[in-house]
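Structure first, commentary second.
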């Protein structure tokens with residue numbers, strides 16, 4: 001009997017609330033990006049280096065605390081750690097809103113980042129959704145994050161024009177409070193031993209760091225967020241000083257560019273997956289991003305060229321942002337996806353930290369051209385690294401319940417399952433009688449899989 005792939009009402013409610021929580025938090029972090037380099041100049045002690053540090057420093061505390069928050073959520077409970085994270089986020093927003101000096105804002109941004117609940121939200125989402133619907137749930141959260149990024153770039157300048165920079169931080173604190181109220185509506189997950197994706201089952205963290213393809217993807221998300229954060233050191237200044245855009249108009253500029261880029265990106269994802277050309281599309285996106293950044297060094301003097309190059313950048317950015325986590329899930333060994341995503345998230349936030357910091361230093365030392373040059377250099381390194389990128393496996397994950405078997409026969413069982421056509425990778429969890437499989441559905445022999453002597457159910 002086949003299981004339904006539709007989300008149950010309880011799953012829909014959980015996904016929508018958790019996606020909203022994630023979006024509110026990302027909205028609060030991103031709203032300052034398009035305005036801070038301009039508005040922050042009025043803060044006491046401000047200079048380009050410290051302004052860049054304030055933009056990206058949240059990423060440092062995020063990167064450091066993601067894994068500890070995840071571990072504590074296993075011991076103390078998911079909702080409790082999410083609540084603590086939201087409190088820290090709200091506290092940091094209040095500190096930043098109340099500060100008249102750049103140093104106070106930096107402290108506030110560090111506290112905002114200390115509410116490192118991304119991994120806990122994803123773990124709770126896994127607890128509250130069935131395995132067959134988990135990818136759909138993660139995709140929903142991913143789209144919500146992308147939407148919140150676009151909304152933040154539009155909303156930040158509008159709020160700043162009406163309420164000033166402190167107003168943006170006060171709104172962010174309010175969003176954190178709304179998030180706490182929403183959290184009360186999330187069901188309390190009873191953590192079952194069946195959900196072992198965040199535990200080290202047959203390997204260790206070294207198996208993730210030792211995986212060449214995973215590390216290539218980690219470098220990718222690190223580079224992508226480094227470049228994106230550094231660009232927002234330069235873009236607001238270009239719009240204001242070079243092209244005469246009023247501060248309140250910046251949001252509408254971002255809306256037009258990013259919305260157009262998002263619409264242009266969607267067909268690329270569909271075609272690449274359908275035709276199994278992800279590697280070529282991925283390499284093309286990295287190359288497009290790099291060329292746009294290189295050309296921006298010379299093309300930033302004309303508004304039309306500046307806008308077109310920025311449009312190309314965001315087409316590539318949106319495609320890569322959507323594709324990278326999918327590639328991590330494809331490449332990660334079965335049963336190690338949780339660990340792989342933890343390292344991936346830490347790489348992302350570390351990139352954001354260095355992007356803001358190095359972008360500020362570059363602008364302080366060499367102006368706008370130095371910032372674009374820094375971004376283009378990172379892009380060139382990434383382009384070179386993608387040249388030897390293999391075609392990713394076109395696989396999905398499957399958990400196969402097994403009948404009890406002896407520990408000594410685990411290797412034999414693993415080989416038997418691995419020999420079934422369409423099964424790419426096998427990880428056995430002997431104590432729980434589970435097999436984590438990576439499968440290619442186009443060539444999977446479902447009959448052989450579900451008629452295996454140890455298969456506990458005949459279900460697709």
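The values are calculated or read from the model by the stated rules, or taken from the named source; none is laboratory data. Please read these numbers as outputs of a predicted model, since none were measured by experiment. So basically every Cβ, Gly included, is an ideal-geometry build from the backbone, and we count neighbours across all protein chains shown.
Identify the residue in region 29-41 that is closer than 22 Å to residue 147 by Cα and at pLDDT 85 or above and, among all such residues, is surrounded by the fewest Cβ atoms within 10 Å (Cβ to Cβ). Quick ask: steps written out before the conclusion?
Looking only at region 29-41, we keep the residues that are closer than 22 Å to residue 147 by Cα, and these are 29-36.
Now narrow it down to the ones that are at pLDDT 85 or above: 30-36.
Details: 30: 21, 31: 26, 32: 26, 33: 24, 34: 25, 35: 24, 36: 26.
Per the criteria, the residue is 30.
Considering every residue within region 3-15, establish whether at least one is assigned by TED's automatic domain parsing to the domain that holds residue 129 and surrounded by 20 or more Cβ atoms within 10 Å (Cβ to Cβ).
yes
Quick one: would you say residue 423 is at pLDDT 80 or above, crowded, with 18+ Cβ neighbours inside 10 Å and within 19 Å of residue 328 (Cα to Cα)? Walk me through it before giving the result.
Numbers: at pLDDT 80 or above: yes; crowded, with 18+ Cβ neighbours inside 10 Å: yes; within 19 Å of residue 328 (Cα to Cα): yes.
Yes.
Between residues in region 295-318 that are at pLDDT below 85 and residues that are surrounded by fewer than 23 Cβ atoms within 10 Å (Cβ to Cβ) and outside any helix (DSSP H, G or I), which pairs lie under 9 Å by C-beta distance while being six or more apart or on different chains?
Listed pairs, sorted by first residue: none to list.
I'd like to verify a number: residues in region 168-191 that are in a helix (DSSP H, G or I) and either in contact (Cβ under 8 Å) with a residue 40 or more places away in the chain or surrounded by 21 or more Cβ atoms within 10 Å (Cβ to Cβ) (or both), how many? Let's see the steps before the verdict.
So the first thing to find is which residues in region 168-191 are in a helix (DSSP H, G or I), and the list is 168-183.
Going one step further and asking which of them are either in contact (Cβ under 8 Å) with a residue 40 or more places away in the chain or surrounded by 21 or more Cβ atoms within 10 Å (Cβ to Cβ) (or both), we end up with 168-173, 175-180, 182-183.
So the count comes out to 14.
Being modelled with pLDDT of 90 or more and either in a helix (DSSP H, G or I) or within 30 Å of residue 398 (Cα to Cα) (or both) narrows it down to one residue among 322, 340, 285; which is it?
Details: 322 fails: modelled with pLDDT of 90 or more; 340 fails: modelled with pLDDT of 90 or more.
When all the criteria are applied, what remains is 285.
Out of (1) under 30 Å from residue 422 (Cβ atoms); (2) part of a helix (DSSP H, G or I), what's the single condition that is false for residue 379?
(1)
Kindly indicate whether any position in region 117-131 is in contact (Cβ under 8 Å) with a residue 12 or more places away in the chain, outside any helix (DSSP H, G or I) and surrounded by 22 or more Cβ atoms within 10 Å (Cβ to Cβ). Before the answer, list the steps.
From region 117-131, those in contact (Cβ under 8 Å) with a residue 12 or more places away in the chain are 117-131; that's our starting set.
With outside any helix (DSSP H, G or I) added as a condition, the list becomes 117, 129-130.
Subsequent filtering for residues that are surrounded by 22 or more Cβ atoms within 10 Å (Cβ to Cβ) retains 117, 129.
Checked against the condition, which is being in contact (Cβ under 8 Å) with a residue 12 or more places away in the chain, outside any helix (DSSP H, G or I) and surrounded by 22 or more Cβ atoms within 10 Å (Cβ to Cβ), region 117-131 yields at least one hit.
Looking at 368, 327, 350, which is the one that is more than 17 Å from the chain's Cα centre (by Cα), outside the structural domain of residue 38 (by TED's automatic domain parsing) and either part of a helix (DSSP H, G or I) or touching a residue at least 60 places away in the same chain (Cβ under 8 Å) (or both)? First the steps, then the outcome.
Numbers: 327 fails: more than 17 Å from the chain's Cα centre (by Cα); 350 fails: more than 17 Å from the chain's Cα centre (by Cα).
After ruling out the rest, the residue left standing is 368.
Testing residue 245 on (1) in contact with a helix residue (DSSP H, G or I) (Cβ under 8 Å, 6 or more places away or on another chain); (2) in a helix (DSSP H, G or I), one condition comes back false. Which one is that?
(2)
Please enumerate the residues belonging to region 378-395 that are over 30 Å from residue 437 (Cα atoms) and at pLDDT below 90. Full working, then the answer.
Of all residues in region 378-395, those over 30 Å from residue 437 (Cα atoms) come to 378-384.
If the condition is that a residue be over 30 Å from residue 437 (Cα atoms) and at pLDDT below 90, then no residue fits.
Any chance you could count how many residues in region 192-219 are crowded, with 16+ Cβ neighbours inside 10 Å, part of a loop (DSSP other than H, G, I, E, B) and at pLDDT 70 or above?
1
If you take the residues of region 44-68 that are out of contact with any strand residue (DSSP E or B) (no Cβ under 6 Å at 6 or more places or on another chain) and not in a helix (DSSP H, G or I), which of them is surrounded by the most Cβ atoms within 10 Å (Cβ to Cβ)? Reasoning before the result, please.
Here is the first cut: in region 44-68, the residues out of contact with any strand residue (DSSP E or B) (no Cβ under 6 Å at 6 or more places or on another chain) are 46-68.
In the following step, the residues that additionally are not in a helix (DSSP H, G or I) were identified as 46-47.
Numbers: 46: 19, 47: 15.
Selected residue: 46.
Rundown of residues vs (1) at positive phi; (2) modelled with pLDDT of 85 or more, yes/no style:
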{"position": "115", "(1), (2)": "no, yes"}
{"position": "118", "(1), (2)": "no, no"}
{"position": "121", "(1), (2)": "no, no"}
{"position": "125", "(1), (2)": "no, no"}
{"position": "128", "(1), (2)": "no, no"}
{"position": "138", "(1), (2)": "no, no"}
{"position": "143", "(1), (2)": "no, no"}
{"position": "159", "(1), (2)": "no, yes"}
{"position": "164", "(1), (2)": "yes, yes"}
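Output yes when any residue across region 427-435 is in contact with a helix residue (DSSP H, G or I) (Cβ under 6 Å, 6 or more places away or on another chain) and under 28 Å from residue 221 (Cα atoms), and no when none is.
The answer is no, given that none of the residues of region 427-435 is in contact with a helix residue (DSSP H, G or I) (Cβ under 6 Å, 6 or more places away or on another chain) and under 28 Å from residue 221 (Cα atoms).
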